[in-house]
Structure formats: C-alpha cells, structure tokens
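Working notes, beginning with the structure itself.
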C-alpha cells in the first residue's frame, strides 16, 4: 500500500473523553462537533462535499486536503445548519491529506469539539464514525479496528470495518470514549471492510502548508519552522500570492536578509512582478478576471491613462525595493547575491523606464554587478558578466562590453539544458564586432557559432528556424561582403520564421529581401510580395516605395511605379537625391510624360552636372518632343563629358541627319571608330 493512495481520501478524528455512557448518548455528544463541507470553483460551480470536525471551541477544523482540490471557496455547515466560510488555513499536507483551518467567526461563537485519543487503540477495539455520505448529514457507522498496519515513511494506518462512503472524507474515527483516534483516509471499493484511517497523531507532525499553492480564497499561514517557511516562500512565484507571506516572514524573522532581498527583488526584478503591484490609477489597461475582458483605464477626468503615467506607477513600485536592498546589505554586507540582484534591477529599470530614480544609473548598475563577484552559482556568474556587457553597451563602452561577454563564455561548469545555452553571448559579440569594430569576418564566425548552438534547442528546430535576429544579422554581413545569394537565403528564412523579434523579422528584412531579389534578377512577383509586406508593416519609409517602384517598373506597371515614386517624394522630399530624380524621370518617359521627365532630369543635373547620361536622357526627351536642336545641344554636353561613348555619337547623328547630314555622317563615322559597327550600316544607307 502506498501513500499516493491518500489522494482519494476520507479523514476522521474523535472527541473529548467522556464517561461511560450509552452509545446513543455518545453519538449525541459528539455529532455536534462534526461539520459538512461544500466546495465551489471560481465560477460558483459545486465541486465536492466532505466532512470535518472541530478540535477547539473557537472553530478550528480538521478535514481532508483533497476535498479542496481546484476549489476557490468553501461553505462549512454546522449541526444547526448555520454556515461559515474559511478564515485561515493553518497547516496542510498533501502527503497526509490533512488540512487544519479556522472558520470566520466574528461573533465569537463557542463550538462543541472533539479531543484526540489519550492512548493508542488495539486491534479488535470498537470504533465508530460520523460523516456526511452522499450529502446525508450526521450519518453514524459502527465497527472495529480489524488491523493496524505500518506504512514506511508514513506511519500507522488503522484498518476498520465501519463503512465509509463518498462525502464522508474528513470525518472522525472515534473510540468508545468519543476520542478521535484517526482520520478516515481511503477504502478499497472492491472490499466492503477495507476502510482505513490515518493515526490522528500525524496532525502534530505536520509543519508545512501545501495549501499556500492552492486557489482557496482564505488566509494561509506560513509553516511554523523557519527553514520550511523559507523554502515555501522561495518556491512561490506569483506576486499577488507571495507578498503577504513574505511580509509575514519578515515580521517573524527580521534578521534574515533573505526575506528583505526576496521582497526587494519582487518589487524590482526583471519580469511581470511590478505590473501586478502597480496602483489601478496608473494602469493603462484594466483586466477583469471574471469576464476575461480588458478595457482602457480612465483617470478622474475621464481621459485615458497614458504610458507616461504608467511609467510613474512602475517607478513607485521599483523605489519600494530600495530600503529592502539597504536592509539586506546591513544584515549581510558581503553577500554578492544582494549586489547582483540590485545591479540587475537598476539595469532593467534604466533600460525600460524614462523616469529617473536617484542613484539608479547604468554606471551604478555596473558598480553593483562588479561588487557581486564570487557568486556560487555558475549560471548566475555567467549571467552577471552578460548583464555587465549589456550595461556597458548602454554607455557605448563597446570594448568593455566585448570583454564582459567574453568573460561570460569563460565561466566553467555552467549547467545547460535543451532551452538554455550561451548562443546569445556569441550573438552579442558578433554585433559589437560588426557594428563597432567593423570586423565582419570575426562577426560572421561568431554568428555561425550562435546559430550552431541554437540547433540543440528543440523549439528552434534546426538552422532554418534559428532566431530570426541571428539570421538577419548574418544576412546583413553577407550583403556587405557581396555574398548576395547567401544573404538572400538567410533573409528568406527570416521572413518565414515564426520567431519574431525587433532585431529579426521586421519590415526592413522584407525590404532587403525584395532588394536582393532585384539585385540577383530573381522572381519579380516574389520581390513584389516581400516589399508589399514591408510597406504593410511600415507605410512611412520612403525607400520602401522606391524599391517597389523599381519592381513595378520591371513588371512594366509604370502607373503604379510613378505613384510609389511620388509617395516616396511626399514622405521625404529632402531625401530625394539625383538618382531618385533620374529614376522618376525614366518612369515618366516610359509614360510619355516627356515634359515631366525633363523637369526631373533637370533636377538630377542640378545636383550633378558631371553625369553624361543625364544629358543623354534629356536629349532623348527633347527629340521625342520634336526639338532636334535642343536635343543636339544635350548630346554635345554628354559627348563633352564622355567623348568615347559611341552611343552618344549615334544618337546625335540622328538629330543632325535632317539639317546637318554631313555632321551626322561624321558622328556615325566616329561611332564606328569607337567600335559601334551599327554606324557603318547607317553610313551605307544615308551617307553615299
């Protein structure tokens, strides 16, 4: 028989020693101490019924813990049908399936109660139980102790013949003096007489309170022993749950630095804790757990609470950690963990909140992290260097940051698992080498190492699903190294990745993917799809529209191309350079808007009068408008700037043919000398 069988429990205990009386009178004296328990979930639905009993006159009850599984509330009904709620849970144990709690008794009613046995029971001794099977209150069952069994690591169990039914969980098992000898625990349903009770003395062995981790809406008292109390608190993580127990721990053990450090970290540690403690008036969103709906929070003037006000509220929470950190250092001034956590709090706060806290700066975060040298946990030691590197980056101290990240990689015997390894450190090192030291070779090596390490992490599923920011950074480096094909392959992986991040998949990576497809003369439809996504995500970036205009131009959708060029100009007219005017001029020319095309090419010439093909393009527009003289002058300037361009001579020859035939033939002859053999066909045809 194993103690795990206690999960399906029924418990019982006895009453004060009573003189020899009839069994009828004995039941009448004891049944008034037995209570009925009904539990409900958070929506008010009934869950379980069970039994318990008073063990003192003030209303302290013993029962089975399993009755309260998944319960949010409970109603305690006494012999006269008065109903009470639970006030405080005093002790509880999943191992023994026992719970002891007090009821909410503001009027100070005195209750009948049961006393524990004064001597151990014997095999064959008469016993009885009072329970509430199937909701039938105060049902009496009589029997004997058929056997006493010792369970390893658990204690004695009494096998009894008194039948125990569902709903009697928590009922007392009593001797013929009305004393509780045990608590009904479980039965084998296939055997009518195989019912068991755990020795009531085990109640005095419980020094824990497992119900702290339950949803029961009641006060829950810390275990009485300090170390067990601390272990309980240290294993809790939900802010709203832990804070009252942490405050209680600090009141009981004011010289234990761990309590102050835990509370300081609760107020200011990285994560969600501060948000759960912020005052409602500072919240931008109010969430109703009952309806599971969120609404915009309004201030006293009926206006939405702003992000700046939210930051004020968070700042107030963080500042509550300062006296706790100070007190922890007073109690244990050389404890590196205190400096580590305070340094981390300062770093996280300065990164996320623009409101200043006196003494909290990136430099003071560095000072604390440096003082935390000597952490026993190697993982924390590695993290310490990592956070040092992050703080140095905030101060643009790149060499110090690089040194910190490298030191993090040198920490030995750091435990890793399937979700955690130092891949992020290699990524940080790669970014510094690429962006600050211009060492793209070293950066690429570190990025490859980072991506290789992510392959062991199950949710990245190999290199194709590596963190998107890693692949995006590698694509950036490959692009700078003119490895366009490799860069496009990485960007394609990024843009299909499900792992989104600010540095990974974003509008820019879709833009760059489209740009590289064009650069490599790839699939124009794929290029259009990618740049459309970029614009959908961020529709105010001028060069996105310029790139899409290029795609449309290649697809011969000139109307869409000119719309995008005009949109780019609208977004950033000052950023419209000579090349942009040149490109828009070409698109206008393809739309037969020669006047508009000339205006744009003139703007390009204004910015760069030394570019021969600008004049060549303007000459083409003038020729299409029938202005051969004006076109000839533009060709003159183009040839002046690039006298060895045979095409310019061919074009100028055409403008001269009508009125200056000899000059036209001379231009074509020059073009032939420069290697354009089309010129000889023109001479043969027009210059005999």
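The values are calculated or read from the model by the stated rules, or taken from the named source; none is laboratory data. Everything numeric here is computed off the predicted structure, so don't read it as measured data. Don't worry about glycine lacking a Cβ; one is built from the backbone with ideal geometry, like all the others, and counts go over all protein chains shown.
Observations on the structure shown:
- Of the numbered criteria (1) buried (at least 16 other Cβ atoms within 10 Å of the Cβ); (2) more than 27 Å from residue 215 (Cβ to Cβ); (3) modelled with pLDDT under 85, the one residue 301 fails is (1).
- Condition met for residue 323 (modelled with pLDDT of 90 or more and part of a loop (DSSP other than H, G, I, E, B)): no
- You will find that of 599, 574, 610, the residue that is outside any helix (DSSP H, G or I) and surrounded by fewer than 17 Cβ atoms within 10 Å (Cβ to Cβ) is 610 and no other.
- Test: residue in region 228-235 that is within 27 Å of the chain's Cα centre (by Cα), surrounded by 19 or more Cβ atoms within 10 Å (Cβ to Cβ) and within 16 Å of residue 324 (Cα to Cα): no
- Candidates 626, 653: the one that is at pLDDT below 95, farther than 28 Å from residue 547 by Cα and not in a helix (DSSP H, G or I) is 626.
- Test: residue in region 582-596 that is in a helix (DSSP H, G or I), more than 54 Å from the chain's Cα centre (by Cα) and closer than 24 Å to residue 674 by Cβ: no
- Considering (1) more than 28 Å from residue 70 (Cα to Cα); (2) at pLDDT below 90, the lone condition that residue 202 does not fulfil carries the number (1).
- Meets criteria (outside the structural domain of residue 387 (by TED's automatic domain parsing) and within 22 Å of residue 394 (Cα to Cα)) for residue 325: no
- Residue match in region 156-171 (condition: modelled with pLDDT under 80 and farther than 22 Å from residue 50 by Cα): yes
- The residues on offer are 47, 90, and the sole one that is within 23 Å of residue 179 (Cα to Cα), touching a strand residue (DSSP E or B) at 6+ places or on another chain (Cβ under 6 Å) and crowded, with 16+ Cβ neighbours inside 10 Å is 90.
- Strands (runs of 3 or more DSSP E) fully within region 59-106 counting 2 or more residues that are farther than 20 Å from residue 184 by Cβ: 73-77, 83-93, 98-103
- Taking the conditions (1) farther than 11 Å from residue 112 by Cα; (2) part of a loop (DSSP other than H, G, I, E, B); (3) touching a residue at least 24 places away in the same chain (Cβ under 8 Å) in turn, residue 50 satisfies each one other than (2).
- Residue 178 falls short of the stated requirement of being at pLDDT 90 or above, under 18 Å from residue 61 (Cβ atoms), assigned to a strand (DSSP E or B) and touching a helix residue (DSSP H, G or I) at 6+ places or on another chain (Cβ under 7 Å).
- Residue that is modelled with pLDDT of 70 or more and out of contact with any strand residue (DSSP E or B) (no Cβ under 7 Å at 6 or more places or on another chain), where the choices are 2, 42: 42
- Residue check, residue 49 modelled with pLDDT under 90 and over 23 Å from residue 205 (Cβ atoms): yes
- Within region 662-677, tally of residues that are touching a helix residue (DSSP H, G or I) at 6+ places or on another chain (Cβ under 7 Å), in a helix (DSSP H, G or I) and surrounded by fewer than 20 Cβ atoms within 10 Å (Cβ to Cβ): 4
Here's the yes/no breakdown for (1) surrounded by fewer than 16 Cβ atoms within 10 Å (Cβ to Cβ); (2) in contact with a strand residue (DSSP E or B) (Cβ under 7 Å, 6 or more places away or on another chain); (3) touching a residue at least 24 places away in the same chain (Cβ under 8 Å):
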{"position": "492", "(1), (2), (3)": "no, no, no"}
{"position": "520", "(1), (2), (3)": "yes, no, yes"}
{"position": "578", "(1), (2), (3)": "no, no, yes"}
{"position": "587", "(1), (2), (3)": "no, no, yes"}
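- Where residue 144 falls short, out of the listed (1) surrounded by 13 or more Cβ atoms within 10 Å (Cβ to Cβ); (2) in contact (Cβ under 8 Å) with a residue 24 or more places away in the chain; (3) in a strand (DSSP E or B): (2)
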